[in-house]
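Derivation of every value follows stated rules applied to the coordinates shown; laboratory data play no part. Since we're looking at a predicted model, the values are computed, not measured. Cβ: placed from backbone, ideal geometry, glycine included. Neighbour counts: every protein chain shown.
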Amino acid sequence: MTPNELALAIRISLVELAADGTLPVSTDELPTNIVVDRSKNPEHGDYATNAAMQLAKAAKMPPRAIAEALAAKLVSTPGIAKADVAGPGFLNITIDAAAQGAIAADVVVAGAAYGRGTSMQGQRFNVEFISANPTGPLHLGHTRWAAVGDALAAVLAAAGAQVDREFYVNDRGNQMELFGASIRAAALGLPIPEDGYKGSYIADLAEEVVQAQPTILEISDPVDQQIAFREAGYALQLAQQQETLASFGTNFDTWYSERDLHTSGGVDRALDKLREQGHVYEADGAVWLRTTDFDDDKDRVLIKADGSLTYFASDCAYYIDKRVRGFDTCLYLLGADHHGYVNRLRAVAACAGDDPSVSIEILIGQMVKTMRDGQEVKLSKRAGEIVALTDLIDEVGVDAARYTLIRYPADSPLTLDLGLLVKRSNDNPVYYVQYAHARISSVLRNAEAVGIDWRHSDIAFDPALLVDEREGDLLRLLAEFPRVIATAAELREPHRVARYLEQLGAGYHRFYDGCRVLPRGDEPLEAIHISRLWLCAATRQTLFNGLTLLGVSAPTKM
RNA sequence: GCCUCGGUAGCUCAGUCGGAUAGAGCGACCCCCUCCUAAGGGGUAGGCCAGCGGUUCGAUUCCGCUCCGGGGCACCA
């Protein structure tokens with residue numbers, strides 16, 4: 001019996017109590033969401049609910065009396081062994097051993113689908129993240145969302161939502177010109193422009209461009225030549241970013257070009273839309289959007305006095321374009337340095353006639369500070385000091401990098417110690433979780449080696465045998481997984497999945513330490529062995545499903 | 001100044017519909033391998049959940065203020 005099934009049983013009992021008059025409340029007054037918590041203390045049974053205390057006010061009855069009535073109903077429910085009233089009105093519930101153990105079989109049968117739910121069915125999300133300028137390699141500043149954004153998208157999808165991962169390519173504007181000028185200067189041996197890109201990768205790019213396209217040096221017009229360098233460099237950088245992210249296990253459904261947004265008329269359509277909604281005005285020779293109608297500090301310029309479009313105009317067009325493409329909710333995963341954009345983006349949605357509380361959501365990822373040997377590693381693309389994402393992958397590997405970034409909530413600042421991460425030690429919990437998966441894999445291999453086919457054995461899986469305290473803990477943990485995914489999706493917090501996997505790993509290691517799975521040398525094969533193998537298989541499946549959501553591999557050997 | 005994120009064990013951090021005795025890893029100390037991977041398990045020590053008020057049966061959690069730290073407040077991209 002899972003917590004969700006238990007919650008349903010409690011709900012049904014309450015409805016019955018309200019119907020027969022034991023509880024003087026209408027069914028409308030019953031809590032729709034019954035809270036069922038795992039008990040921390042084993043003396044308090046398997047699960048606890050505070051439903052009686054929640055109802056006390058509406059029913060004008062002492063919580064303990066309500067709990068008593070509820071307990072009497074619940075004990076006649078199949079699968080529930082015991083229901084005790086405790087403290088101010090908690091109800092401690094013990095699940096029947098067989099009903100508890102049956103979860104192991106449920107998980108094995110569900111397989112890769114175990115944990116997936118339907119709580120977000122019918123919702124279409126556009127999850128946009130990273131969106132780095134194509135003017136340089138991806139660096140550590142981009143990695144947090146590369147890992148967390150991807151995991152968040154996976155979690156939303158696991159909760160039943162339809163999710164697109166999108167990367168916005170800022171391939172227009174002044175930065176691109178500076179980029180082109182910088183490469184050209186490097187190729188011709190000229191000084192890099194004052195505010196140009198000074199990283200050493202620029203020289204490499206220049207060399208690569210010239211090698212692939214020697215005639216570029218013969219272009220006499222400096223403007224044309226700069227454009228040629230810009231375009232060649234752009235293509236190389238974009239390809240490199242795509243390759244880097246693919247090697248990091250982050251794959252986008254859409255790479256959306258800002259240029260396309262303009263050439264397709266998206267900007268004009270957006271401006272028309274905003275005008276229709278009545279939030280556009282002219283002043284000081286510029287065209288403004290009155291975002292102050294919706295909580296922004298100041299209005300924003302769409303078209304500058306010189307007639308050129310602002311970057312903000314592109315932002316508006318991009319948002320409106322996403323909505324036209326049919327997304328219910330546009331998620332923007334931004335760095336803390338973009339936090340000033342939150343209000344204006346929300347205002348854009350409102351100016352476009354949308355309800356910002358539904359159609360736009362902006363998540364701010366706090367800074368990742370990187371340390372190496374106790375020294376802070378500074379990231380500055382202009383100054384040329386870059387710790388590239390590819391370096392991180394090379395140094396610590398995809399699994400450790402992704403996992404470490406994902407296991408902390410994105411809205412808390414994070415300090416990554418590269419020196420520590422490089423050590424493949426226990427300090428990184430990814431190994432702990434992966435080890436649990438590998439350990440189970442090994443047990444199952446050994447079972448096979450001695451000829452035990454636990455799935456099709458003559459000796460049947462008997463859920464009632466899994467009564468050891470460590471087996472019960474592990475079963476309760478397994479039952480928790482669907483709720484973890486649903487909550488992680490709801491709160492946009494994929495780190496909850498990682499933390500859960502650590503608990504599950506710990507639960508397995510304890511079980512492994514205290515409960516012998518395979519028969520020793522001369523022992524006969526018995527039902528307890530088979531049942532424990534099912535429990536092992538269920539745990540492995542859940543670890544696998546969870547790690548897969550996070551984009552971390554689940555090795556069968558380490 | 002305004003906005004925003006944080007302040008929980010020596011260190012790094014978990015802990016949302018407000019619940020029973022506040023958790024984990026690392027570090028310290030003590031135990032456990034004739035047995036499926038010791039990359040593991042068990043135990044001890046370590047806390048005024050930054051501070052002060054409020055809401056109530058009950059607050060680390062919700063609200064207000066104060067203090068301390070990170071980040072942000074362009075007709076830049």
Check region A:267-381 and count each lysine pair with an alpha-carbon distance under 24 angstrom, considering only pairs eight or more places apart or from different chains.
5
Shape of chain A from its Cα gyration tensor (a ≥ b ≥ c, root eigenvalues): rounded if a/c is under 1.5, otherwise prolate when a/b > b/c, or oblate?
oblate
List A:Ser119, A:Ser314 from most exposed to least, where exposure is judged by having the fewest other Cβ atoms within 10 Å.
A:Ser119, A:Ser314
Dipole magnitude of chain A, debye to nearest 20 (Cβ charges: Lys/Arg +1, Asp/Glu -1, about Cα centre):
1020 debye
What FRET efficiency, computed as 1/(1 + (r/R0)^6) with R0 = 30 Å and r the Cβ-Cβ distance, is obtained for A:Gln366 and A:Ala110, rounded to the nearest 0.05?
0.25
Which aspartates and glutamates have a Cα less than 16 Å from the Cα of A:Lys82, not counting those fewer than 8 places away in the same chain?
A:Glu5, A:Asp37, A:Glu43, A:Asp46, A:Glu68, A:Asp96
With θ taken as phi - 60° and the coefficients 6.51, -1.76 and 1.60, list the Karplus ³J(HN,Hα) couplings across region A:136-142 in order, rounded to whole Hz; mark glycine and proline as x.
x, x, 6, 10, 4, x, 8
Express in nm, to one decimal, how much length is gained between A:Asp253 and A:Gln162 on full extension, taking 0.36 nm for each residue of separation and deducting their alpha carbon distance.
31.6 nm
Using alpha carbons only, how many degrees (0 to 90, rounded to 10) separate the axis of helix A:266-276 from the longest principal axis of chain A?
80 degrees
Tell me the GluC sites (Glu not before Pro) within region A:425-496 that lie in a loop according to DSSP and have at most 13 other beta-carbon atoms within 10 Å.
none
Size of electric dipole in region A:2-155: Cβ of Lys, Arg +1 and of Asp, Glu -1, about Cα centre, debye, nearest 20
300 debye
Test of understanding: what is the full-extension gain from A:Ala286 to A:Val15, defined as 0.36 nm times their sequence separation minus their Cα-Cα distance?
91.3 nm
Return one number: the angle in degrees, 0 to 90 and rounded to the nearest 10, between the long axis of the Cα atoms of helix A:527-550 and the longest principal axis of the Cα atoms of chain A.
20 degrees
Treating the angle as unsigned and between 0 and 90°, give the value, to the nearest 10°, between the Cα long axis of helix A:342-351 and the longest Cα principal axis of chain A.
90 degrees
Listed residue (A:Ala537, A:Ile227, A:Gln241) projecting farthest to the positive dipole end of chain A, Cβ model
A:Ala537
Among A:Gly111, A:Met53, A:Val127, flag the residue with its Cα farthest along the positive direction of the charge dipole of chain A, charges on Cβ as +1 for Lys/Arg and -1 for Asp/Glu.
A:Met53
Going from the fewest other Cβ atoms within 10 Å to the most, one would list A:Leu416, A:Leu188, A:Leu309 as A:Leu188, A:Leu309, A:Leu416
Candidate cut points under trypsin sites (Lys or Arg not before Pro) in region A:398-490, DSSP loop plus at most 14 other Cβ atoms within 10 Å of their own Cβ, are A:Lys423, A:Arg424, A:Arg455
Computed magnitude of the charge dipole of region A:174-247 (debye, nearest 20; Cβ of K, R +1, Cβ of D, E -1)
100 debye
Karplus 3J(HN,Hα) series, Hz, for region A:173-179 with 6.51 cos²θ - 1.76 cosθ + 1.60 (x for Gly, Pro)
x, 4, 4, 5, 5, 4, 4
